[in-house]
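These notes concern the structure reproduced below.
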Amino acid sequence: MPSTTPRTQPSRKTATRSAAAPRTKTPDAVALLRADHKLVSELFDQFEKSRSTAKKKQLVAQICLELTVHAQVEEEIFYPEVQAALKDKELVPEARVEHQSIKDLIAAVEGVEPGGEDYDAKVKVMSEWVKHHVKEEQNEMFPKAKKSGLDMAELGERIAQRKEELLAQEQAKH
Ligand SMILES: [Fe+2]
Ligand SMILES: [Fe+2]
């Protein structure tokens, strides 16, 4: 549901905006989530190449932040809409369980000093789980969601807004 709170920018695009319009200000939901996936995958690649403890620590902090916020917007906004639109009993519940496994690994490395024998292994396993999870979202869930007729532009706006809030909250904690 679009918010009734007036936004700061004029609403001139509202009438013409659709998921197919490439000039929409906020990317549609799937484009936005895919961009997050790409960013995290690049961060994992950088981690793998990194030899500096300080750099590893910084990369892991960023990976954990990005994944935490990404998982939360999917769980709060995207998954419930997809589940309802697809009358899904499988894809979304499995995705939630996978998120939980990823969160357990986040908890195991977040704020921990790199260097311990299992540290790199935990980050490696986390990257593999994320890769598997992303593949299922991008190959199965997203195409089905797109075909379901969900308003991806509107969902994209809600996701972008919520991401901003959550990033600010998370950054304030550190
Ligand atoms: Fe996910
Ligand atoms: Fe995702």
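Only residues that are of a type in the set (A, V, I, L, M, F, W, C) and more than 16 Å from V134 (Cα to Cα): list them for segment 63-104, please.
Within segment 63-104, L65, I77, A84, A85, L86 meet the criteria.
When segment 102-123 is examined, which residues are found to be loosely packed, with under 13 Cβ neighbours inside 10 Å and in a helix (DSSP H, G or I)?
D104, A107, E117, D118, A121
Which of the residues that make up segment 146-174 are in contact with a Leu (Cβ under 7 Å, 6 or more places away or on another chain) and assigned to a helix (DSSP H, G or I)?
Scanning segment 146-174 gives G156, I159, A160, E170.
For segment 23-33, give me each residue that is surrounded by fewer than 19 Cβ atoms within 10 Å (Cβ to Cβ) and outside any helix (DSSP H, G or I).
Passing the criteria: R23, T24, K25, T26, P27.
Going through A145, A71, A121 one at a time, which residue ends up being out of contact with any Gly (no Cβ under 7 Å at 6 or more places or on another chain) and more than 12 Å from ligand 2 (Cβ to nearest atom)?
A121
Of D45, D36, which residue is surrounded by 14 or more Cβ atoms within 10 Å (Cβ to Cβ) and either of a type outside the set (G, A, S) or at pLDDT below 95 (or both)?
Unique residue meeting the criteria: D36.
Being in contact (Cβ under 8 Å) with a residue 40 or more places away in the chain and either more than 14 Å from ligand 1 (Cβ to nearest atom) or in contact with a strand residue (DSSP E or B) (Cβ under 7 Å, 6 or more places away or on another chain) (or both) is the filter here; which residues of segment 96-110 pass it?
V109, E110
Inspect all residues belonging to segment 56-65 and state whether any of them is crowded, with 18+ Cβ neighbours inside 10 Å, within 20 Å of Q138 (Cα to Cα) and within 16 Å of ligand 1 (Cβ to nearest atom).
Yes, some residue in segment 56-65 is crowded, with 18+ Cβ neighbours inside 10 Å, within 20 Å of Q138 (Cα to Cα) and within 16 Å of ligand 1 (Cβ to nearest atom).
The values are calculated or read from the model by the stated rules, or taken from the named source; none is laboratory data. Computed from a predicted model, the values in this text were never measured in an experiment. Ideal geometry is used to build each Cβ from the backbone, glycine not excepted, and the neighbour counts take in all protein chains shown.
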